[in-house]
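Structure, as structure tokens:
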Amino acid sequence: MKKIYFLSLVLLTLLSACQKDDNDPAPGQRPDERLVKALADYKVQLTGAPYGWKATLITGQNRRYNFFLKFNENDRVSMSADVSSSSAGTPTESSYRLKAMQQPALIFDTYSPLHLLADPDPAVLFNLSGQEGDEGQGMYSDFEFTIDSVTTNVVRLTGNLQQSKMVLVQATQEEFDAYTAGKLKTIIDETAAYSKANPFLFLPSASGTKLQVDINAANRTFSLVALQNGTVQIISTSFTYTPRGLLFEPPLVLNGITISELLWDSAQQVYYAEVNGNRVVVQSSPTAIIPLYNFIGVTFNTVAVPPQPLPGWSPDFTSKQQQIATTLLNGNYNLRLDYMLFLFNPQSRSMQLYVVIYQGSAQFYAVYPYTYTQTADGVYKFTAQTPNGNGQVIAEDMSPILNHLNTESFVLDYFRDPTEGPLGQMKSIENPDFYFTGSLETLQ
């Protein structure tokens, strides 16, 4: 029995030795060695693109951005992006790393337009481009990416923190020349100037109607707007800037016609679409295609009147607004007048005037509620309701403006200003010398 036991041990030892030899990786095939080789191959792929890469980044907020990247072997990358005008010019250098993490990763490790989108302080991006991110999150974007796949012409990446997606496609020489010459910045700047100079844009339709065009740079949306039976109909898509113009994703489809991009004619300073081989030019109107009051509750609900004068304020309104500010400041409570917010609710046919006031650093609201009637051509008649406590306290101080709202009818229309862009203007019918403007906003 002892002899048999000894032989069994010998056999087990031999079997274990054979099993260990079978599983031992061949030289050069260990996981760490394979990862090092993969990173080296990825670097060859990234740096080997003779004209760099054009890229699309989709953030966690589903915002799309256009990038141009040229990787060098010394761990430097030239980058431009349509994040803002300043980031879209001649590509600037920052650094990058290919690093072995749980999976191969591409890390942009010095500040770049990618970091601008991920900046936790939303004021940084807003001050550059007017785009609003969230406090602590920015645009929910990344600057450290896992490499998902690499082919000859395409690299796919996923952000490690916000799961944003980035797709790199090899650029052509024509695209390389355009990006390196700062053509992307030119498109952004000329589009902004074009939109301010021509606030009432439209595309002619096959039926002869005019489709209002809205290029919203802050939200990066392009919309075609029509009025059908008194109801606003809007078809929208997101866009990125390219050296050619505006690229839509997804393309707009209207009456069976697909429009994938608008092309910029720098000589004529106009946008146009190519439809069935024909050039359809975006045209400008001196007046709004669709009256502003149709958009209340659709694209905005508030006319926000700041404490500082805006273009489109009448001398009468300016004088009375300044009179109110002085009276409040010199009164018993030493109040500072800030914004006046005219907040409309078309469902309940009501309007609330929120007067923002400060006592020291403390903020208060004086609220003056109204119901209203509206005619078919957009004339409003307001009926005052009971104000809140703060409103009652300063009602006498506010009377120079409240007296107009309580007794007169008003129209609401666009005011065109080349510097501020389109504003909303409220004008008295009975007293044409009393009118004022404010920005068009959506408030809760």
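General observations
- Verdict on T56 being in a strand (DSSP E or B), surrounded by fewer than 18 Cβ atoms within 10 Å (Cβ to Cβ) and under 24 Å from the mean Cα position of the chain (by Cα): yes
- Top-ranked residue of the stretch 172-200 - restricted to ones that are at pLDDT below 95 and of a type in the set (A, V, I, L, M), ranked as surrounded by the most Cβ atoms within 10 Å (Cβ to Cβ): A192
- Close pairs from the stretch 326-346: first assigned by TED's automatic domain parsing to the domain that holds I357, partner modelled with pLDDT of 95 or more and among the charged types (D, E, K, R), Cβ under 8 Å, at least 6 apart: T327/D397; L328/R336; L328/D397; L329/R336; G331/D397
- Failed item in (1) in a strand (DSSP E or B); (2) exposed (fewer than 13 other Cβ atoms within 10 Å of the Cβ), with A267 passing the rest: (1)
Quick grid of which residues meet (1) out of contact with any helix residue (DSSP H, G or I) (no Cβ under 7 Å at 6 or more places or on another chain); (2) more than 30 Å from R34 (Cβ to Cβ):
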| position | (1), (2) |
| --- | --- |
| L69 | yes, no |
| S85 | no, yes |
| P91 | no, yes |
| R97 | yes, no |
| F108 | no, no |
| M139 | no, yes |
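- A single entry from Q269, Q283, Q323 fulfils the requirement of being touching a residue at least 40 places away in the same chain (Cβ under 8 Å) and on the phi > 0 side of the Ramachandran plot: Q269.
- V367 meets the conditions (1) of a type in the set (A, V, I, L, M, F, W, C); (2) surrounded by fewer than 20 Cβ atoms within 10 Å (Cβ to Cβ); (3) out of contact with any Leu (no Cβ under 8 Å at 6 or more places or on another chain) in every case but one. The failed one is (3).
- Restricting the stretch 353-377 to residues that are part of a strand (DSSP E or B) and among the small types (G, A, S), the residue that is nearest to I429 (Cα to Cα): A366
- Residue, nearest to Q352 (Cα to Cα), within the stretch 389-423, restricted to residues that are in contact (Cβ under 8 Å) with a residue 24 or more places away in the chain and among the acidic types (D, E): E408
- Within the stretch 432-444, being crowded, with 16+ Cβ neighbours inside 10 Å and not aliphatic (A, V, I, L, M) holds for F434, Y435, F436, T437, G438, S439.
- V169 falls short on exactly one of the conditions (1) touching a residue at least 40 places away in the same chain (Cβ under 8 Å); (2) buried (at least 17 other Cβ atoms within 10 Å of the Cβ); (3) within 23 Å of D41 (Cβ to Cβ), and that condition is (2).
- Note on the stretch 303-324: residues that are assigned to a helix (DSSP H, G or I) and either modelled with pLDDT under 95 or surrounded by 17 or more Cβ atoms within 10 Å (Cβ to Cβ) (or both) total 5.
- Q212 vs. criteria modelled with pLDDT under 90 and at negative phi: no
- When residues of the stretch 147-158 are limited to those that are part of a strand (DSSP E or B) and without any contact (Cβ under 8 Å) to a residue 60 or more places away in the chain, the one farthest from R97 (Cα to Cα): V154
The rows are residues; the columns are (1) surrounded by 17 or more Cβ atoms within 10 Å (Cβ to Cβ); (2) of a type in the set (A, V, I, L, M); (3) under 30 Å from P204 (Cα atoms).
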| residue | (1), (2), (3) |
| --- | --- |
| I296 | yes, yes, yes |
| N332 | no, no, no |
| L341 | yes, yes, no |
| N345 | no, no, no |
| Y372 | yes, no, no |
| A384 | no, yes, no |
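- Hits in the stretch 253-274 - residues which are over 15 Å from I235 (Cβ atoms) and not small (G, A, S): E261, L263, W264, D265, Q268, Q269, V270, Y271, Y272, E274
- Of all residues in the stretch 90-140, those being part of a loop (DSSP other than H, G, I, E, B), touching a strand residue (DSSP E or B) at 6+ places or on another chain (Cβ under 7 Å) and more than 22 Å from G52 (Cα to Cα) number 3.
- With respect to (1) surrounded by 19 or more Cβ atoms within 10 Å (Cβ to Cβ); (2) at pLDDT below 95, the lone exception for L405 is condition (2).
The values are calculated or read from the model by the stated rules, or taken from the named source; none is laboratory data. As the structure is a computational prediction, the values presented were derived from the model and not from experiment. Every residue, glycine among them, receives a Cβ derived from its backbone with ideal geometry; neighbour counts consider all protein chains shown.
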